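The values are calculated or read from the model by the stated rules, or taken from the named source; none is laboratory data. Quantities reported herein were computed from a predicted structural model and do not represent experimental measurements. Note: ideal-geometry Cβ built from the backbone for every residue, glycine included; neighbour counts use all protein chains shown. To get the accessible areas, we keep the full protein, side chains included, count just its heavy atoms, and leave off ligands, DNA and RNA. Shrake-Rupley method; radii C 1.70, N 1.55, O 1.52, S 1.80 Å.
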Amino acid sequence: MVLKSFGVFGNPIKHSKSPLIHNACFITYAKRLGFLGHYHHLLLPLESDIKASFLNLGLCGANVTLPFKEKAFKACDRVKGIAKKCGSVNTLILENNELVGYNTDALGFYYTLKDTFKNALILGAGGSAKALACELLEQGLEVSVFNRSKEKLDFFKQLGCDIRSLEDLLESSFELIINTTSASLNNELPLAKELLKALFKNSKLAYDLMYNTSIFLDLAHSMGLEIQDGKDMLLMQASLSFEYFSHSKVSYKEALEIMQSVF
Ligand code: NDP
């Protein structure tokens, strides 16, 4: 059977569970796909050219994670779907010899919400924050954004989000609070503890994109708030990516079932 290579670009990348869940799908669906896909960790030096790396490695498809999603957007020959609006790409495939970029974080996140919300506060302004802001605005929520540094906020302002300062946060309440910062990776809170506690008091759900427990979620839970970690989103965005890798021969729902069984 023909072998095809796939992978996930990131730095660091060792922690990523993507090879586990994608390889399970490639093995399960090899016959239907007509090839056996092998999906690797791809540690990319920070200054690398993503398109050249993709082509030199002979890849047929790839995911992109921290900190390369915005760089991947610029590297593509063509960008499709919501990725065009959010300027951030997490899925790359070759279509007719062109490198095409998609973003499955946006819908992947939205599909994991079990309730409806009027408004949301996004903490952080990186690649995943852009994807979530685009999707939540499209779904009709009022979206506010806070980031510790100001440089990345213009994008969100132009999109139609409310940009919040620390002072604003003290006077506001949000039904959904999403931590898209990488603070949890270092066991840090994205905001001062007392401010977070005040925000959690009037909220319905605290969501952290990190797919383990975090001190952000521990704090929310200790205040009786409902919490959700990034595991469901990881599986959802991965299964949507797999549908692209399979050129729609495997639906995301079929891929999701396999991924859930091995995670
Ligand atoms: P980026 O590097 O693009 O953005 C990181 C953001 O976090 C920036 O806004 C940065 O602020 C902020 N930040 C970093 N450290 C701190 C800190 N100590 N306090 C406050 N803010 C901080 O990352 P991504 O958006 O790509 O990913 C962010 C997180 O989401 C990662 O943990 C990633 O693993 C996770 N993720 C999970 C997914 C899933 O499927 N579950 C999917 C996508 C992402 P500044 O601009 O000031 O530097």
Check which residues have an amide H placed less than 5 Å from Leu36's amide H, if you skip close sequence neighbours.
Val2, Leu3, Lys4
Can you tell me the orientation of helix 231-245 relative to the chain, as the angle in degrees between its alpha-carbon axis and the longest Cα principal axis, to the nearest 10?
30 degrees
In Å, what Rg and Dmax follow from the Cα atoms of the stretch 107-228?
13.0, 36
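Add -39500 (n - 2.57) for each DSSP H run of 4 or more in the chain, then divide by its residues: what number comes out at 222 nm, to the nearest 500 deg cm²/dmol?
It lands at -11000 deg cm²/dmol.
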Looking only at aspartates and glutamates whose Cα falls under 16 Å of Lys130's and that sit 8 or more positions away or on another chain, we get Glu70, Asp105, Glu138, Glu142, Glu151, Asp154, Asp162, Asp208
For the chain, modelled as a GNM with alpha-carbon contacts under 10 angstrom, which of Glu135, Glu194, Glu226 fluctuates the most?
Glu194
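Find how much the distance from Glu98 to Phe263 grows on full extension, using 0.36 nm per residue of separation minus their present alpha carbon separation; answer in nm with one decimal.
56.2 nm
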Singleton cysteines, the chain, no second Cys beta-carbon under 4.7 Å -> Cys25, Cys60, Cys76, Cys161
Compare the peptides 149-159, 108-118 by average per-residue count of other Cβ atoms within 10 angstrom and give them in order, highest first.
108-118, 149-159
For the chain, what % of the accessible area comes from carbon and sulfur atoms, probe 1.4 Å?
50 percent
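How would you classify the chain from its alpha-carbon gyration tensor, with a ≥ b ≥ c the square roots of the eigenvalues: rounded for a/c under 1.5, else prolate if a/b is greater than b/c, otherwise oblate? Don't jump to the answer; show the numbers that get you there.
Working: a/c = 2.03, a/b = 1.68, b/c = 1.21.
In terms of gyration-tensor shape, prolate.
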Rounded to the nearest Å, what's the spacing between the alpha carbon centres of the stretch 6-47 and the stretch 122-159? Just the number, please.
29 Å
With Cα atoms, 0 to 90° folded angle of helix 127-138 axis to the chain main axis
70 degrees
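Roughly speaking, what is the stretch gain from Ser251 to Asn187, that is 0.36 nm per residue apart minus the C-alpha to C-alpha distance, in nm to one decimal? Display every interim value, and only then the final one.
Details: separation 64, 0.36 × 64 = 23.04 nm, distance 3.59 nm.
Length difference between fully extended and current span is 19.5 nm.
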Residues listed by number, the stretch 36-55, amide nitrogen under 17 Å from Lys14 label point at 7 Å toward C-beta
41-46
Counting only residues 5 or more places away or on other chains, whose amide H sits under 5 Å from the amide H of Glu226 once H atoms are built in the peptide plane?
Ala206
Within 10 Å, count the other beta carbons around each residue, average over each peptide in 92-102, 207-217, and list them highest first.
207-217, 92-102
If amide hydrogens are placed 1.01 Å from N in the peptide plane, which non-local residues have theirs closer than 5 Å to the one on Gly81?
none
Hey, can you find the accessible area per residue of the chain for me, probe 1.4 Å, expressed in square angstrom?
47 Å²
Beta bridges by DSSP in the chain, antiparallel share as percent, to the nearest 5:
20 percent
For the chain, find the longest principal axis of its Cα atoms and tell me its angle to the long axis of helix 18-28, 0 to 90°, nearest 10.
40 degrees
